[in-house]
Number of protein chains: 2
Amino acid sequence: MSKSKIKQIIGIIGGGQLGKMMILEAKKMDFEIIILDPTLDCPAHSIADEHIVANFDDQAAIRELAKKSDVITYEFEHIGVEILKELEAEGYNIYPTPKSLEIIQNKYNQKQLLKEKDIPVPDFIKVSSREDIKKAAAKFGYPMMLKSCTDGYDGKGNSLIKSEEEIDESYQTLGAGDNLLMVEEFVPFSKEISVLACRSIEGEIVTYPIGQNDHQESILIETKVPAKITSTIKDEALKLGQSVMNIFSGVGIFCIEMFVTEDNRVLVNEIAPRPHNSGHYSIEGCITSQFANHIRAIAELPLGTTDLVKPTVMRNILGAGSQGQANVVGVKEVLNLPNARLHVYGKGVSRPGRKMGHLIVTANTVDQASQVALKASELVKIEGR
Amino acid sequence: MSKSKIKQIIGIIGGGQLGKMMILEAKKMDFEIIILDPTLDCPAHSIADEHIVANFDDQAAIRELAKKSDVITYEFEHIGVEILKELEAEGYNIYPTPKSLEIIQNKYNQKQLLKEKDIPVPDFIKVSSREDIKKAAAKFGYPMMLKSCTDGYDGKGNSLIKSEEEIDESYQTLGAGDNLLMVEEFVPFSKEISVLACRSIEGEIVTYPIGQNDHQESILIETKVPAKITSTIKDEALKLGQSVMNIFSGVGIFCIEMFVTEDNRVLVNEIAPRPHNSGHYSIEGCITSQFANHIRAIAELPLGTTDLVKPTVMRNILGAGSQGQANVVGVKEVLNLPNARLHVYGKGVSRPGRKMGHLIVTANTVDQASQVALKASELVKIEGR
């Protein structure tokens with residue numbers, strides 16, 4: 001899009017649903033897209049200009065992607081950061097920056113930096129043995145949360161410890177010392193909210209209307225926007241979101257998950273340096289979606305406005321039935337509902353609990369949208385056969 | 001999407017910007033797409049699952065497309081209808097139906113049917129010689145419009161005759177008898193408006209908020225929505241749009257262009273049996289875009305609501321400079337404007353006047369949106385090099 005080139009080429013590490021939704025926005029402005037993903041029929045495959053079929057730890061393949069692209073980005077945070085740092089040092093454009101990724105990848109380091117910068121977070125302590133965990137219990141009491149510092153997602157890598165008897169099982173579950181571990185105080189929260197924020201290379205920041213999240217078995221099931229929070233909480237959360245973006249010098253979309261405690265404090269829970277499931281509502285809910293702004297940010301273009309078009313609810317469609325070839329049923333029934341949009345990721349294989357698609361419903365009120373979304377989620381199924 | 005198949009496959013004849021925008025919507029629901037287009041790097045190429053590179057009159061190629069697809073559609077109306085009728089008779093699904101396409105392809109037959117069904121149209125007469133044209137003048141007076149009955153678009157195929165002296169030149173311009181011709185009375189109109197309507201296979205119809213069109217040198221330059229018309233005119237236009245859809249048993253999106261005359265009559269000017277340039281505003285202006293509803297209709301899915309999200313203006317970006325490799329300039333400047341979205345079609349070659357992209361601007365009022373859109377169109381250029 002620059003004056004010297006016909007097309008800007010974006011390389012994306014990962015060709016899952018987030019990559020796919022980035023491409024659907026990028027193609028509106030005719031970017032050329034190369035993905036790197038080990039799965040031949042991954043969701044982004046059919047709409048990418050080129051697909052480098054390689055594992056995410058294939059450094060030669062990542063180097064090939066960088067060479068072919070004007071800028072590279074990624075759709076998930078569990079990437080070896082060394083090769084990215086190496087490529088960045090050689091002058092390749094990588095956003096979000098490897099430095100911000102490196103800190104965020106390790107939840108302990110992530111939280112430590114936030115704490116140093118006076119961002120309120122649940123209290124935490126590094127642990128490396130059963131004994132350490134017992135000591136943490138003396139400090140935090142039960143329940144408390146044992147977390148793997150790296151590689152967690154959708155609740156994987158987290159284990160709630162409700163009593164001393166459960167320490168051993170949780171410790172075993174999280175690798176019995178094979179992984180870096182931390183213990184976090186359990187925060188009795190009244191709401192979990194997401195602040196999506198996008199920061200440009202020059203430091204311009206936009207934040208999105210705050211979403212309120214519901215989980216089922218630690219997997220996000222629904223995001224309601226706007227969140228039902230007071231304007232004080234809202235202002236505090238948006239301010240925290242902006243601070244976080246500046247602390248990490250984040251470029252592109254970040255999701256900052258927060259707890260609103262029962263005594264109305266706002267604590268930062270976790271940061272994802274990428275478009276996030278709780279931001280999917282923005283595709284049809286906002287003037288500029290999280291994916292569109294991510295593309296704009298990494299392509300050095302001005303960010304778009306994030307106004308909410310209407311109250312919006314996003315509901316995930318998780319794999320039902322058994323593991324097998326994905327099959328979608330109930331499409332007609334869902335599309336008969338008012339203002340319901342269906343997004344199907346196109347994963348070849350469905351597994352119980354796997355994120356297979358989502359619904360976005362807009363309405364005059366969040367409650368109305370939520371009712372329709374719930375009904376829709378009962379009508380549509382993506383199941384393995 | 002049916003219970004018996006994993007993916008429904010849509011074949012599209014034409015891989016231009018309309019095909020591309022259909023695919024961007026279809027991919028949200030994970031349809032598989034095959035395009036047929038002679039140009040290897042056509043706008044839809046990079047996001048289609050398969051591209052049959054063939055001329056539009058290549059009957060074997062169209063047959064191949066039909067065999068591979070569950071349903072075929074098209075992005076322009078100048079296709080040989082015989083092969084489509086043949087395929088339909090063999091049981092292939094083709095929407096809009098070849099029968100409706102056949103009538104619409106010939107403007108005389110199109111108008112004749114409308115007239116028979118009491119749809120108000122400008123008066124017209126078939127002509128085949130200079131003498132006939134002179135006779136028409138006796139009936140309609142000057143100015144009057146000489147039209148080629150087939151193959152016209154963007155003003156091509158139309159020639160305004162202002163006096164008897166101009167008859168010969170217009171006759172020569174339109175092929176001197178090689179084409180079927182008609183003369184139409186010249187209607188002094190105050191506004192040209194578009195009614196987009198979508199009809200399902202079962203006959204459900206939705207209509208879109210009416211757009212008001214401005215042309216420059218017979219090429220659409222801007223569509224403002226909602227049109228500045230009285231509610232009486234609006235109701236009349238929407239009713240006509242619905243009637244037209246039923247008359248043609250149209251399936252999918254049709255655009256019905258109309259004149260609002262100086263004495264406040266509404267006349268149907270022309271019908272396009274496909275998504276239309278004057279409906280691009282719906283991508284970011286409506287809950288369900290014209291492309292999304294077209295896909296829903298031909299895939300036998302329920303149609304989506306067409307509510308206008310905000311007042312919206314679409315402005316075309318026509319090729320500037322000279323003919324040559326397309327180059328986009330001014331992207332940053334445009335995206336700095338409030339609520340301006342840029343769509344670049346990705347045509348390899350730009351030619352003066354060629355449709356290369358468009359801008360969509362939403363605002364609190366149409367006038368505001370129009371001002372921003374005008375400014376945006378002055379900032380962005382797609383020019384040949």
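The values are calculated or read from the model by the stated rules, or taken from the named source; none is laboratory data. What you see is a predicted model; the values in this text were computed from it and never measured. When we count neighbours, we look across all protein chains shown, and the Cβ atoms used for this are built from the backbone with ideal geometry, even at glycine.
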* Asked: Listed residues B:D307, B:D367; which is among the acidic types (D, E), surrounded by fewer than 19 Cβ atoms within 10 Å (Cβ to Cβ) and within 23 Å of B:I219 (Cα to Cα)?
  -> B:D367
* Asked: Which members of the range B:341-354 meet the condition of being more than 8 Å from every other protein chain (Cβ to nearest Cβ) and either of a type outside the set (G, A, S) or in contact with a Pro (Cβ under 6 Å, 6 or more places away or on another chain) (or both)?
  -> B:K347, B:V349, B:R351, B:P352, B:R354
* Which of (1) under 20 Å from A:E257 (Cβ atoms); (2) buried (at least 17 other Cβ atoms within 10 Å of the Cβ) does A:F76 not meet, given it meets every other one? -> (2)
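Look through B:S243, B:S249 and report the one residue that is among the polar types (S, T, N, Q) and part of a loop (DSSP other than H, G, I, E, B). Please lay out each step first, then the result.
Details: B:S243 fails: part of a loop (DSSP other than H, G, I, E, B).
After applying the criteria, what remains is B:S249.
From the list A:I221, A:I167, exactly one residue is aliphatic (A, V, I, L, M) and in a strand (DSSP E or B). Which is it? Step through it out loud before you land on a result.
On the way: A:I167 fails: in a strand (DSSP E or B).
Within the list A:I221, A:I167, the selection yields A:I221.
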* Structure fact -> Here the residues within the range A:345-369 that are of a type outside the set (V, I, T), more than 21 Å from the chain's Cα centre (by Cα) and modelled with pLDDT of 95 or more are A:A363, A:N364, A:D367, A:Q368, A:A369
* Assuming A:A89 fulfils every condition listed in (1) in contact with a Leu (Cβ under 8 Å, 6 or more places away or on another chain); (2) surrounded by fewer than 16 Cβ atoms within 10 Å (Cβ to Cβ) apart from one, which condition is it? -> (1)
* **Condition met for A:L359 (of a type in the set (A, V, I, L, M), crowded, with 20+ Cβ neighbours inside 10 Å and facing chain B (nearest Cβ under 8 Å))** => no
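Yes/no matrix, rows are residues, columns are (1) of a type in the set (A, V, I, L, M, F, W, C); (2) part of a strand (DSSP E or B); (3) touching a strand residue (DSSP E or B) at 6+ places or on another chain (Cβ under 6 Å); (4) within 14 Å of chain B (Cβ to nearest Cβ):
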position: A:K28; (1), (2), (3), (4): no, no, yes, yes
position: A:I35; (1), (2), (3), (4): yes, yes, yes, yes
position: A:P38; (1), (2), (3), (4): no, no, no, no
position: A:A61; (1), (2), (3), (4): yes, no, yes, no
* Asked: Which of the following residues is away from chain B (no Cβ under 14 Å), touching a strand residue (DSSP E or B) at 6+ places or on another chain (Cβ under 9 Å) and in contact (Cβ under 8 Å) with a residue 24 or more places away in the chain: A:P273, A:P338?
  -> A:P273
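Restricting the search to the range B:256-269, which residues are under 10 Å from the mean Cα position of the chain (by Cα) and surrounded by fewer than 24 Cβ atoms within 10 Å (Cβ to Cβ)?
Matches in the range B:256-269: B:E257 only.
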* Asked: In the range A:160-196, what residues are under 25 Å from the mean Cα position of the chain (by Cα) and basic (K, R)?
  -> A:K191
* Structure fact -> Of the conditions (1) aliphatic (A, V, I, L, M); (2) crowded, with 24+ Cβ neighbours inside 10 Å; (3) more than 14 Å from chain B (Cβ to nearest Cβ); (4) within 21 Å of B:K28 (Cβ to Cβ), the single one that A:I295 does not satisfy is (3)
* To do: Identify the residue in the range B:310-333 that is surrounded by 22 or more Cβ atoms within 10 Å (Cβ to Cβ) and within 9 Å of chain A (Cβ to nearest Cβ) and, among all such residues, is nearest to B:E284 (Cα to Cα).
  => B:V331
* To do: Take A:C42 and decide whether it is within 14 Å of chain B (Cβ to nearest Cβ) and either modelled with pLDDT under 95 or closer than 30 Å to B:G346 by Cα (or both).
  => yes
